[in-house]
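Have a look at the structure below before the remarks.
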Amino acid sequence: MPTTRSRTLSVTIQCPWTEVYAYASDPRHLHDWAAGLGQDFARDGDSWIFRGPGGDPVRMRFTDPNPFGVLDHDVLVTPPVHVAMRVVPNGTGAEVTFLLLQAADQSDDEFERDSETVMEDLRRLKGIMEQSRG
């Protein structure tokens, strides 16, 4: 499979990275900040099922909790999509990065829309985390 177009999206959050990681790594919080991903998240064994934007059920699996801020997850569609996501220290705050890869069958316009959706989700995460700090 050839390499594809990519875009690294990020947001700076004024909250300790460990707090951001603890919140973002808990799939029970996805419906609060990752609205672009889907709805109705529910645990199913070692993975989670949710209703994707088109209404179809989608399964995803998350990396195990770790001390490195890795939030990678696999969206188990055909073919599976691996999503690389990180929370890293940025001074007293955090930097959240998301690597978006353009699918082989995805138009440039669709890729741009996906990029905007991911940025909206990251901004929502920022708002939640910074509000929680008062």
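Take the Cα of residue 12, step 7 Å toward its Cβ, do the same at residue 103, and the gap between the two points is 3.4 nm. Under 13 Å from a label point 7 Å along Cα→Cβ of residue 4: give me every residue in the stretch 78-93 with its amide N that close. From the stretch 78-93, the list is 78-84. Spacing of the modelled spin labels on residue 31 and residue 113, each 7 Å from Cα toward Cβ, amounts to 2.5 nm.
Projecting the Cα positions of 68, 107, 30 onto the charge dipole of the stretch 6-132 (unit charges on Cβ atoms of Lys, Arg, Asp and Glu, taken about the Cα centre) puts 68 furthest along the positive direction. Mind checking the angle between helix 108-132 and the chain's longest principal axis? C-alpha axes, 0 to 90 degrees, to the nearest 10. Long axis of 108-132 versus the principal axis of the chain: about 20 degrees. Normalised by the number of residues in the stretch 51-134, the average gap of Cα pairs under 8 Å and 6 or more apart makes the relative contact order 15 percent.
Here the simple spin-label model places points 7 Å from the Cα toward Cβ, and for residue 42 and residue 130 these points are separated by 3.6 nm.
All of the numbers you see were taken from the coordinates with simple rules; none came from a lab. Computed from a predicted structure; not experimentally measured. Cβ: placed from backbone, ideal geometry, glycine included. Neighbour counts: every protein chain shown.
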